[in-house]
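The values are calculated or read from the model by the stated rules, or taken from the named source; none is laboratory data. A quick note: this is a predicted structure, and the numbers were derived from the prediction, not measured. Virtual Cβ from ideal backbone geometry, glycine too; neighbours counted across all protein chains shown.
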Amino acid sequence: MPVPNTLVPLPVPTEPGRVPEVLLVVGDAAAAVKLAPLATAMRDRRRIRPVVLACGDGAAAATEVLSAFGIATDVLVELSRDGQETSRAAAQLLAGFDHALADRTPDAVLVQGDSATAFSAAMAAFWRRLPVIHLDAGVRSYDLTEPFPQEGHRRLIAQVCSLHLASTPDASANLADEAHAGPKVVTVGSTAVDAGFDALDRHLRHRDERVQAVEDAVVAGDVRLALVVLDAARWSPESAAQLLHGVADLVLACPDLEVVLPAPRGPLRHLAYEMLGRLVRVTITDPLPLPELVCLLSVAAAAVTDSATLAEQAPSFGVPTLVVGGEPGSWAEPERPGYPWTAGPDRAVVARIAEKLVLSHVERLAVSPTDNPFGDGFAAVRCEQAVQWLLGLRERPHEFTPRP
């Protein structure tokens, strides 16, 4: 019997002996981190053939991340926004995806997150009556203006999905509030946690000897580390200045604290050198590959970031996190253990909360990976099993349930 709000009845039977293809759409490096563990699980289990499609102006970065996980890009749709408005870029993306789907018809299309790439791919698949699978489904701000247009993309993708892969019970509850419930919603955990463990296993040594020296000192117990990771494209000069002032105040308040701040060459890095370059306990370096970044995170006393991926990985290592974004001066304590603090770009707020986290972080030796409310390292396996169920290859998987 078809499930309400589902284009394709669940599960869809697959012909005996045929290995179905699922198109995994990736548009930037962040999406590649989330999709890489799932592509690996599909490849290793051999019940589903993953076909990786990279598209958009972030395709090159996504391909680089996937390559680090040993995953090749099968289809490349070369499109560039070149500063275009979102509406024009979405139209171009839709046309590109439609051409790709005309050349190769998969059994399902899987998208991640809330980008214009994910939205366009979902709509192109829907119009061709292909099942849409949404990874990281159910994330909501309940404000269509913030983040814009991502919140709208999230809700619209949900309307055309045949399978919602929600990271947390909260995300599943958000979907239930919108009448997306029943077997087609599966709580799987965050694949970012899987990617973090995988990356840590692959780490050997930092390329930047200054960063390696900081890590060695942290492991020896001589200093503590605060990892600061910001997306340069998200911050205006004024907001970035407030954040970096807060980091400077943090360093001055904690005499045994080292800060590592990876940043690409550009305005944010220039500003960081201007405001933090004279502080001997601040190391500004090039953007770090995921293995190096997760290795630093695993030994940090605290992290300050605008990355949801990093915030989901941090609890696995007992690292308290401050997620920066939103209105200046705003801040909020976490509702539950393992969740991050949040704050707007305000110098005093950032410095005060970050200092509190540095001074009160949990000892890592007492932390189990199962204490992470966002995942336990098996999200990709659950996702692969859920897709198999959608295609009629197995029973529905057990869901992720965070420990109380």
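Scanning region 331-362 for residues that are under 22 Å from Ala253 (Cα atoms) and in a loop (DSSP other than H, G, I, E, B), which turns out modelled with the lowest pLDDT?
Here the answer is Val362.
crowded, with 24+ Cβ neighbours inside 10 Å and either under 18 Å from Val111 (Cβ atoms) or out of contact with any Cys (no Cβ under 7 Å at 6 or more places or on another chain) (or both): which single residue out of Val51, Val33, Val19 fits that description? Lay out the reasoning, then the answer.
Working: Val51 fails: crowded, with 24+ Cβ neighbours inside 10 Å; Val19 fails: crowded, with 24+ Cβ neighbours inside 10 Å.
Of the residues listed, the single one that is crowded, with 24+ Cβ neighbours inside 10 Å and either under 18 Å from Val111 (Cβ atoms) or out of contact with any Cys (no Cβ under 7 Å at 6 or more places or on another chain) (or both) is Val33.
I need a count of the residues in region 177-194 that are of a type in the set (S, T, N, Q) and either more than 21 Å from Gly377 (Cα to Cα) or in a loop (DSSP other than H, G, I, E, B) (or both). Explain how you work it out, then say what you get.
Kept after step one, since they are of a type in the set (S, T, N, Q), are these residues of region 177-194: 187, 190-191.
Retained after the next criterion (residues that are either more than 21 Å from Gly377 (Cα to Cα) or in a loop (DSSP other than H, G, I, E, B) (or both)): 190.
Of the residues in that region, 1 qualify.
What do you reckon, is Ser87 among the hydroxyl-bearing types (Ser, Thr, Tyr), part of a helix (DSSP H, G or I) and surrounded by 19 or more Cβ atoms within 10 Å (Cβ to Cβ)?
no
Here are some residues: Leu66, Leu101. Which one is under 19 Å from Arg129 (Cβ atoms), touching a residue at least 24 places away in the same chain (Cβ under 8 Å) and either surrounded by 19 or more Cβ atoms within 10 Å (Cβ to Cβ) or touching a helix residue (DSSP H, G or I) at 6+ places or on another chain (Cβ under 6 Å) (or both)?
Sole residue among the options that is under 19 Å from Arg129 (Cβ atoms), touching a residue at least 24 places away in the same chain (Cβ under 8 Å) and either surrounded by 19 or more Cβ atoms within 10 Å (Cβ to Cβ) or touching a helix residue (DSSP H, G or I) at 6+ places or on another chain (Cβ under 6 Å) (or both): Leu101.
Can you tell which of Asp143, Asp136 is out of contact with any Phe, Trp or Tyr (no Cβ under 8 Å at 6 or more places or on another chain), of a type outside the set (Ser, Thr, Tyr) and surrounded by fewer than 22 Cβ atoms within 10 Å (Cβ to Cβ)?
Asp143
Out of curiosity, is Arg382 surrounded by fewer than 22 Cβ atoms within 10 Å (Cβ to Cβ) and not assigned by TED's automatic domain parsing to the domain that holds Val218? Walk me through how you get there before you give the answer.
On the way: surrounded by fewer than 22 Cβ atoms within 10 Å (Cβ to Cβ): no; not assigned by TED's automatic domain parsing to the domain that holds Val218: yes.
So Arg382 does not fit the description; no.
All but one of (1) out of contact with any helix residue (DSSP H, G or I) (no Cβ under 7 Å at 6 or more places or on another chain); (2) farther than 24 Å from Ile284 by Cβ hold for Asp208, so report the exception by its number.
(2)
Is it the case that some residue within region 212-230 is aliphatic (A, V, I, L, M), farther than 30 Å from Asp136 by Cβ and either within 23 Å of the chain's Cα centre (by Cα) or buried (at least 21 other Cβ atoms within 10 Å of the Cβ) (or both)?
The answer is yes; a qualifying residue exists.
Among the residues of region 280-292, are any over 27 Å from Glu64 (Cα atoms) and hydroxyl-bearing (Ser, Thr, Tyr)?
Of region 280-292, the ones over 27 Å from Glu64 (Cα atoms) are 280-282.
Next cut, hydroxyl-bearing (Ser, Thr, Tyr) only: none.
No: region 280-292 contains no residue that is over 27 Å from Glu64 (Cα atoms) and hydroxyl-bearing (Ser, Thr, Tyr).
So which residues in region 162-181 are within 15 Å of Pro131 (Cα to Cα) and without any contact (Cβ under 8 Å) to a residue 40 or more places away in the chain?
Hit for region 162-181 is His164, nothing else.
Just to check your reading of the model, which residue among Ala108, Ala122 is in contact with a helix residue (DSSP H, G or I) (Cβ under 6 Å, 6 or more places away or on another chain) and among the hydrophobic types (A, V, I, L, M, F, W, C)?
Answer to the selection: Ala122.
Yes/no matrix, rows are residues, columns are (1) assigned to a helix (DSSP H, G or I); (2) at positive phi; (3) assigned by TED's automatic domain parsing to the domain that holds Glu292; (4) touching a Gly at 6+ places or on another chain (Cβ under 9 Å):
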{"site": "Lys34", "(1), (2), (3), (4)": "yes, no, no, yes"}
{"site": "Leu38", "(1), (2), (3), (4)": "yes, no, no, no"}
{"site": "Leu53", "(1), (2), (3), (4)": "no, no, no, no"}
{"site": "Leu76", "(1), (2), (3), (4)": "no, no, no, no"}
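Have a look at Glu146, Glu64 and point out the one that is of a type in the set (D, E, K, R), in the same structural domain as Ala176 (by TED's automatic domain parsing) and either in a helix (DSSP H, G or I) or within 29 Å of Gln385 (Cα to Cα) (or both).
Among Glu146, Glu64, only Glu64 is of a type in the set (D, E, K, R), in the same structural domain as Ala176 (by TED's automatic domain parsing) and either in a helix (DSSP H, G or I) or within 29 Å of Gln385 (Cα to Cα) (or both).
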